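I have placed the structure first, in the form of structure tokens, so that the comments after it can refer back to it.
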Amino acid sequence: MDNIILEMRGITKTFPGVKALDNVSFKVREGEIHALVGENGAGKSTLMKVLSGVYPAGTYEGEIHYDGEVRRFSTISNSEDIGIIIIHQELALVPLLSIAENIFLGNEIAKNGVIDWPATFARTQGLLEKVGLRDSPATRITDIGVGKQQLVEIAKALSKKVRLLILDEPTASLNETDSDALLTLLMEFRKQGMTSIIISHKLNEIRKVADQITILRDGGTVETLDCHGGDISEDRIIKGMVGRDMEDRYPPRDPKIGEVLLEVKNWNVFHQNHRDRQFLHDININVRAGEVVGIAGLMGAGRTETAMSVFGRSWGHKITGDVLMRGAAVDVSTIPKAIDAGLAYVTEDRKHLGLVLNSNILQNTTLANLAAVSSNGILDDHKEAEVASGYRTKLRIRSHSIYQEAVNLSGGNQQKVVLSKWLFTNPEVLILDEPTRGIDVGAKFEIYTIINQLASEGKGILMISSEMPELLGTCDRIYVMNEGRIVAELSREEASQESIMRAIMRSGEKH
Ligand SMILES: Nc1ncnc2c1ncn2[C@@H]1O[C@H](COP(=O)(O)OP(=O)(O)OP(=O)(O)O)[C@@H](O)[C@H]1O
Ligand SMILES: [Mg+2]
């Protein structure tokens, strides 16, 4: 297994004002799963875009050796032609098209100039079987979850005769079951001789599948660890990523809990699209001053829908129930009213709801609270810049300046901008939906520290997370949701992975 399929030598890639990659070298053995890790903005996605021809030869320095030859790709299809296929960090499927149409988009199977549907469907069926999907090729992308969408992306890669598969954070938005399925599939491909490169911030997954791990830091290669020479601990990987030991993953918490701030009472919500179906049933939750409250649950349990329906009715229909702040009923029927009532919601879906991609960091940061950076109704550039710079430093947003467009930020840094924006609305209760998705370990610690600090200032935090260790490490109290209902409420002492799972299982049996 020592045949080197890929060697990238001395890769340097510069964007205006940033050196994203600085003399990076990277070697991959044929048939292995090679993990690429590093903090947000370390240059992982950029390196893979160089490799796949997204950034063509001539726009970077250095050499790509693949299969014994120097390669200079001018387009993505050049790299695809020799079997290098990349699945990007942000999925690129067309929601309203079917699985089959998506797989063969731009690569249609045609007979006499017309698309041969029977052949397209038959081939799609075969590809779906390979990735373990049983949905019909005619199913539209919007009708399947993110986990399945990732598998469709892989099926699409397989339709192109892949030899080297690159996956950029494929499991970032997947739950544990879907992640496991995807990793098992990768291991299956390895048995068949396929090579893959996987980028991930989930170090437990990396340890499970990787043969080698390459660590990037600040645009440079730090080291490559061989997993067959002995077990490599998460702490060891983290040390390489952040350049020092990290003693704890969670900052210490010393909660001082006060009066009830937010109360959601008898909250019933019908499904946004299937209008006769009740989705949320009689939700009752509260958050007190100084308290960090979690909502645990499996994908589809209704956690995001709860948050969104409360925050300006941005999801759902036929909503009934009450929202109280400090014991008084408040009107949260639109987003501006919800903000006025003292709520803020940091969405899990940063691309669609959280960020204006073609605006810069400064504009995104102040967007939800322009009044605070205006004097007499006129925007004060100086104030705006001061605020944005403050958050950029506090959250360690890696960018050349606050004037960098959001679209050019690395995935994790985009998430930090979304967080800045809502922090700046200075809410009484901050609802965080998967706040650390795609965020590196060092920055996660920063975010938990900020959460603690907000709580110590007397704010209430409601946090939705699919990562149980994160909930257990940060929350004072945890609600468990399943199938649109609150099925348990656990104190910090009662909460554990087991007690949460038990609550979910038990409620599943009842319905
Ligand atoms: N098109 C671009 N224009 C300007 N700067 C860019 C562009 N793309 C990336 N960068 C910058 O290059 C650096 C590396 O970004 P990259 O996306 O490769 O990071 P990453 O390691 O994938 O991080 P993450 O874990 O957050 O996804 C960052 O500082 C980023 O802001
Ligand atoms: Mg990236």
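The values are calculated or read from the model by the stated rules, or taken from the named source; none is laboratory data. No experiment lies behind these values; they were computed from the predicted model shown. Neighbour counts are summed over all protein chains in view; Cβ atoms, including those assigned to glycine, are modelled from backbone coordinates with ideal geometry.
Hey, any hits in the stretch 280-291 for a residue that's under 26 Å from the mean Cα position of the chain (by Cα) and assigned to a loop (DSSP other than H, G, I, E, B)? Within the stretch 280-291 (the criterion being under 26 Å from the mean Cα position of the chain (by Cα) and assigned to a loop (DSSP other than H, G, I, E, B)), the answer is yes, since at least one residue qualifies. Close Cβ contacts (under 8 Å, 6 or more residues apart or on different chains) running from residues in the stretch 275-293 that are in contact (Cβ under 8 Å) with a residue 60 or more places away in the chain to residues that are basic (Lys, Arg) and in a loop (DSSP other than H, G, I, E, B) comprise Ala289/Lys459; Gly290/Lys256; Gly290/Lys459; Val292/Arg253. Just give me the residues in the stretch 84-108 being closer than 14 Å to Met48 by Cα, crowded, with 16+ Cβ neighbours inside 10 Å and not polar (S, T, N, Q), in sequence order. Matches in the stretch 84-108: Ile84, Ile85, Ile86, Ile87, His88. Among the candidates Val264, Val346, Val310, the residue that is closer than 30 Å to Ser179 by Cβ, in contact with a helix residue (DSSP H, G or I) (Cβ under 8 Å, 6 or more places away or on another chain), of a type outside the set (Lys, Arg) and modelled with pLDDT of 95 or more is uniquely Val310. Could you tell me whether Pro16 is under 25 Å from Leu409 (Cβ atoms), in contact (Cβ under 8 Å) with a residue 40 or more places away in the chain and either more than 8 Å from ligand 1 (Cβ to nearest atom) or out of contact with any Cys (no Cβ under 9 Å at 6 or more places or on another chain) (or both)? So Pro16 fits the description; yes. Residues of the stretch 206-242 that are more than 28 Å from Ser399 (Cα to Cα), under 21 Å from the mean Cα position of the chain (by Cα) and in a helix (DSSP H, G or I): Arg207, Lys208, Val209. Scanning the stretch 306-353 for residues that are of a type outside the set (Val, Ile, Thr) and in contact (Cβ under 8 Å) with a residue 40 or more places away in the chain yields a total of 20. In the stretch 437-449, the qualifying residues are those that are under 12 Å from Thr474 (Cβ atoms) and buried (at least 19 other Cβ atoms within 10 Å of the Cβ), and the one that is farthest from ligand 1 (Cβ to nearest atom) is Tyr448. Can you tell me which residue within the stretch 406-420, out of those that are within 16 Å of ligand 2 (Cβ to nearest atom) and not polar (S, T, N, Q), is nearest to Val441 (Cα to Cα)? Among those residues, the one meeting the criterion is Gly412. Restricting Glu153, Glu176 to those that are under 24 Å from the mean Cα position of the chain (by Cα) and buried (at least 19 other Cβ atoms within 10 Å of the Cβ) reduces the list to Glu153.
Just checking, does the stretch 421-430 include any residue being among the hydroxyl-bearing types (Ser, Thr, Tyr), within 30 Å of Gly300 (Cβ to Cβ), within 16 Å of ligand 2 (Cβ to nearest atom) and at pLDDT below 90? No, there is no match, as no residue in the stretch 421-430 is among the hydroxyl-bearing types (Ser, Thr, Tyr), within 30 Å of Gly300 (Cβ to Cβ), within 16 Å of ligand 2 (Cβ to nearest atom) and at pLDDT below 90. Of the residues making up the stretch 87-108, those that are within 10 Å of Glu153 (Cβ to Cβ) and either under 18 Å from the mean Cα position of the chain (by Cα) or within 16 Å of ligand 1 (Cβ to nearest atom) (or both) are Ile87, His88, Leu91, Ala92, Leu93.
What are the residues in the stretch 179-198 that are more than 15 Å from Ile85 (Cβ to Cβ) and within 21 Å of the chain's Cα centre (by Cα), if any? Once the filter is applied, which keeps residues that are more than 15 Å from Ile85 (Cβ to Cβ) and within 21 Å of the chain's Cα centre (by Cα), the stretch 179-198 yields Ser179, Asp180, Ala181, Leu182, Leu183, Thr184. Would you say Leu419 is within 14 Å of ligand 1 (Cβ to nearest atom) and either outside any loop (DSSP other than H, G, I, E, B) or on the phi > 0 side of the Ramachandran plot (or both)? It is true that Leu419 is within 14 Å of ligand 1 (Cβ to nearest atom) and either outside any loop (DSSP other than H, G, I, E, B) or on the phi > 0 side of the Ramachandran plot (or both). The single residue among Ala42, Ala119, Ala92 that is within 16 Å of ligand 2 (Cβ to nearest atom) and out of contact with any strand residue (DSSP E or B) (no Cβ under 7 Å at 6 or more places or on another chain) turns out to be Ala92.
Scanning the stretch 373-405 for residues being away from ligand 2 (no atom under 16 Å from the Cβ), hydrophobic (A, V, I, L, M, F, W, C) and either modelled with pLDDT under 90 or touching a Cys at 6+ places or on another chain (Cβ under 8 Å) (or both) gives a total of 1. How do the pairs read when you match residues in the stretch 21-49 that are touching a residue at least 24 places away in the same chain (Cβ under 8 Å) with residues anywhere that are near ligand 2 (Cβ under 10 Å from one of its atoms) and of a type in the set (S, T, N, Q), using Cβ under 6 Å and keeping only pairs 6 or more apart or on different chains? Partner pairs satisfying both residue conditions: Leu21/Thr46; Asn40/Ser410; Asn40/Asn413; Gly41/Ser410; Gly41/Asn413; Ser45/Gln89.
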